[in-house]
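Engineer: This is the structure I want to talk about, given as structure tokens.
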Amino acid sequence: MNKLKGIHHVTAITSSAEKIYAFFTFILGLRLVKKTINQDDINTYHLFFADDVGSPGTDVTFFDFQGINKHEKGTDEISRIGLRVKSDEAIDYWIKRFDFYKVHYQEKVLFDRKTIFFEDFDGQEYALISDQNIKGVAGGVPWKKGPVPDEYAIIGLGPIFLRIRDIDKIDLVLTSYLGMMSIKKNGNLTLYEMGQGGNGASVIVEESNLSRSWQGYGGVHHVAFRIEDEEELYDWINHLNKIKARHSGFVDRFYFKSLYTRLYPNILFEFATEGPGFIDDQEEYEFLGEKLALPPKFRNKREEIEKIVRPINTVRSNLDIKKEVLS
């Protein structure tokens, strides 16, 4: 079995593409690197927020499915999205920032790491975690033209949280099927790591007896793990076949190649390749995320798609966004 390298991206569901764009851009300071459609539902936006260049391991992405109900929190779900900052000092900055922008938050210490739990307007749950004294998979590049000073900026995905009823089964999935290691326990929480470890290659499992969750806006759709390339993707297909796990087979998402499976009930895992990435023939670095980008198989339908999805103004190259130093 090839080793997973870390978290590739997390995809969640939002009630408003416009509101999540404003929240991630102007409050969290992540860069919209791709504004495209859900490739399985062209009525739906797919927004990719990441570091300055859209590095693997830094993406939080959103669907805005129309008519969907609100997420009901419970067990057997991806319960919280982790994000990383470089230091404890950065956490202190974010406390001031959340106070300033009136974002609901709680200060925590998780596995000796300074942490902030917070929520967006949908009640989507996040954790901002310090990398101080934590070795492991490298973070990304702060958005150079974003509102957060580089030394305090979010540099990628942190641990992904699972809320689980059957702890023995998820332990089997994470260790035996996916090759992770159980690192440490703290009460009803267990920390797992993959690859080089660290915040960008971690899963935190919470044991719970709540009723099963129900997917909707304000909840997570799936988590993707990083793999090197297409060759490794086929190795994982063979591995899933050997353990008799149902899966999607090879899926070409253009920006990366993918494979999907549900190794644990109600939770969708994806394997995604490191490339090709988000800087492509449609958008140069300077203008990432500013226009509706379509993978090649949809480009002959652009006129039809642009009539279906409402326009959202995501142009930032003409804005003078100041770095916000809060005292």
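The values are calculated or read from the model by the stated rules, or taken from the named source; none is laboratory data. Just so it is clear, the structure is predicted and the values come from calculations on it, not from any experiment. Heads up, the Cβs are rebuilt from the backbone with ideal geometry, glycines too, and the neighbour counts pull from every protein chain shown.
Engineer: Which residue out of PHE161, PHE63, PHE117 is within 25 Å of LYS3 (Cβ to Cβ) and of a type in the set (A, V, I, L, M, F, W, C)?
Structural biologist: After ruling out the rest, the residue left standing is PHE161.
Engineer: Please enumerate the residues belonging to the stretch 132-154 that are more than 30 Å from SER317 (Cα to Cα) and not β-branched (Val, Ile, Thr).
Structural biologist: GLN132, ASN133, LYS135, GLY136
Engineer: Looking only at the stretch 58-110, count every residue that is in contact with a Ser or Thr (Cβ under 7 Å, 6 or more places away or on another chain) and part of a strand (DSSP E or B) and tell me the total.
Structural biologist: Number satisfying all stated conditions: 9.
Engineer: Just for the stretch 23-57: of the residues that are β-branched (Val, Ile, Thr) and in a helix (DSSP H, G or I), which one is farthest from the chain's Cα centre (by Cα)?
Structural biologist: ILE27
Engineer: Only one of these is of a type in the set (Val, Ile, Thr), modelled with pLDDT under 95 and over 21 Å from the mean Cα position of the chain (by Cα): ILE308, ILE321. Name it.
Structural biologist: One residue alone meets the criteria, ILE308.
Engineer: A further question follows. Out of all the residues in the stretch 134-143, is one or more more than 24 Å from VAL33 (Cβ to Cβ) and surrounded by fewer than 22 Cβ atoms within 10 Å (Cβ to Cβ)?
Structural biologist: yes
Engineer: Of all residues in the stretch 304-322, which are surrounded by 14 or more Cβ atoms within 10 Å (Cβ to Cβ) and assigned to a loop (DSSP other than H, G, I, E, B)?
Structural biologist: VAL309, ILE312, THR314, ARG316, ILE321
Engineer: Are any residues in the stretch 260-292 among the hydroxyl-bearing types (Ser, Thr, Tyr), surrounded by 17 or more Cβ atoms within 10 Å (Cβ to Cβ) and either outside any strand (DSSP E or B) or free of Cβ contacts under 8 Å to residues at least 24 places away in the same chain (or both), and if so, which ones?
Structural biologist: If the condition is that a residue be among the hydroxyl-bearing types (Ser, Thr, Tyr), surrounded by 17 or more Cβ atoms within 10 Å (Cβ to Cβ) and either outside any strand (DSSP E or B) or free of Cβ contacts under 8 Å to residues at least 24 places away in the same chain (or both), then THR261 is the only one that fits.
Engineer: Next up: Among the residues of the stretch 82-102, which ones are surrounded by fewer than 22 Cβ atoms within 10 Å (Cβ to Cβ), touching a residue at least 40 places away in the same chain (Cβ under 8 Å) and hydrophobic (A, V, I, L, M, F, W, C)?
Structural biologist: If the condition is that a residue be surrounded by fewer than 22 Cβ atoms within 10 Å (Cβ to Cβ), touching a residue at least 40 places away in the same chain (Cβ under 8 Å) and hydrophobic (A, V, I, L, M, F, W, C), then PHE100 is the only one that fits.
Engineer: Determine, yes or no, whether ILE20 is part of a helix (DSSP H, G or I), touching a residue at least 24 places away in the same chain (Cβ under 8 Å), in contact with a strand residue (DSSP E or B) (Cβ under 7 Å, 6 or more places away or on another chain) and not aromatic (Phe, Trp, Tyr).
Structural biologist: So ILE20 fits the description; yes.
Engineer: A follow-up question, please. Does VAL141 satisfy the condition of being out of contact with any Cys (no Cβ under 8 Å at 6 or more places or on another chain), closer than 30 Å to GLY289 by Cα and assigned to a loop (DSSP other than H, G, I, E, B)?
Structural biologist: So VAL141 passes the test.
Engineer: Moving on. Checking TYR217 against (1) among the aromatic types (Phe, Trp, Tyr); (2) over 25 Å from PHE62 (Cβ atoms); (3) out of contact with any helix residue (DSSP H, G or I) (no Cβ under 9 Å at 6 or more places or on another chain), only one condition comes out false. Which one?
Structural biologist: Exception for TYR217: condition (2).
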